[in-house]
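Only one structure is covered here, and it is reproduced in the block below.
Values in this text are rule-based calculations from the coordinates and carry no lab data. Keep in mind it's a predicted model, so treat the numbers as computed, not measured. Using ideal geometry, Cβ is built from the backbone for each residue, glycine included, and neighbour counts are taken over all protein chains shown.
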Amino acid sequence: MSFFKKVLSSVGIGSAKVDLIVEKPQLMPGEMLRGVVQVKGGSTQQHINKIELALCCNYFSEETYTETDDEGDSTEHTRTVEHTAVLGQLKLSESFDVAPDQELEFEVEFELPTNTPLSLGCCHVWIVTDLDIDYALDKSDKDFLDITPTPRQHAVLNGMNELGFVLGEVECEQSKQLGGSFVQEFEFKATNGDFAGRVDEVEILMVNHQDQLQILVEVDRKARGFGGFLAQMLGQDESRVWLEINDYEHRQVCDVLYRAIADNC
């Protein structure tokens, strides 16, 4: 093969390509992902250092920055910054050589972490498949997954809907409180039912375990009268409570949620 083709391959032109074929792109947290990584050789023989997969998601943080005008006056601003979190990694192969136009396949199987966020709102989950070739460009593949609720998470979402709440924003926000870089926050607005007019909103965090779902329920009360107005001004109009969801029977989950919200509004 000509020296010119080797040079082109070294910068990603005519280089080997990688593609992940996921057996089932719609998965729940904790479920097994299965698929095949296909590698197709380029125009020259190349040495592959390794194939590595990374499960990623996005999350957001608020950052403060200062702007100084021409007269030297400074103004503070806040902006929302998007980040990428790596939820897990899998090294799929050791080093190997791929011949020109050669096609190879590698089976993939790994369990999604229980803290994988749901694909709701502006929350996205994807897999990056990296073909590690020295100096080469354009050697990775990005595949989005559709992460759906577990039965217990589904019961919570349905339960809130039955209590008259509508799911609004869903966002992964920066937080170190639960042992990770972010938490996924579900924001519900009371539109009808017993809590309409009594509650501004309810925010819920969900923490999956093997045989249990823990949720943090935060109730933002409606200001009622002068006392309610003062509580709102003093930042005392929010209540938080941790709940354990051990079952996903519809009526039971609704009752647990109802009592938690009623006791804190």
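If we sort 26-38, 149-161 on the protection proxy, mean other Cβ atoms within 10 Å, highest first, what's the order?
Answer by packing, highest mean first, reads 149-161, 26-38.
Calculate the translational D of region 3-147 in whole µm² s⁻¹ from Stokes-Einstein, where the hydrodynamic radius comes from the Kirkwood formula applied to all Cα pairs, the temperature is 25 °C and the viscosity 0.890 mPa s.
Reported coefficient: 140 µm²/s.
Between Gln252 and Glu103, what length in nm is gained on full extension when 0.36 nm per residue of separation is reduced by their alpha carbon distance?
Working it through step by step, the gained length comes to 48.3 nm.
For Thr148, Thr66, what's the fewest-to-most ordering of other Cβ within 10 Å of each Cβ?
The fewest-first ordering by Cβ neighbours comes to Thr66, Thr148.
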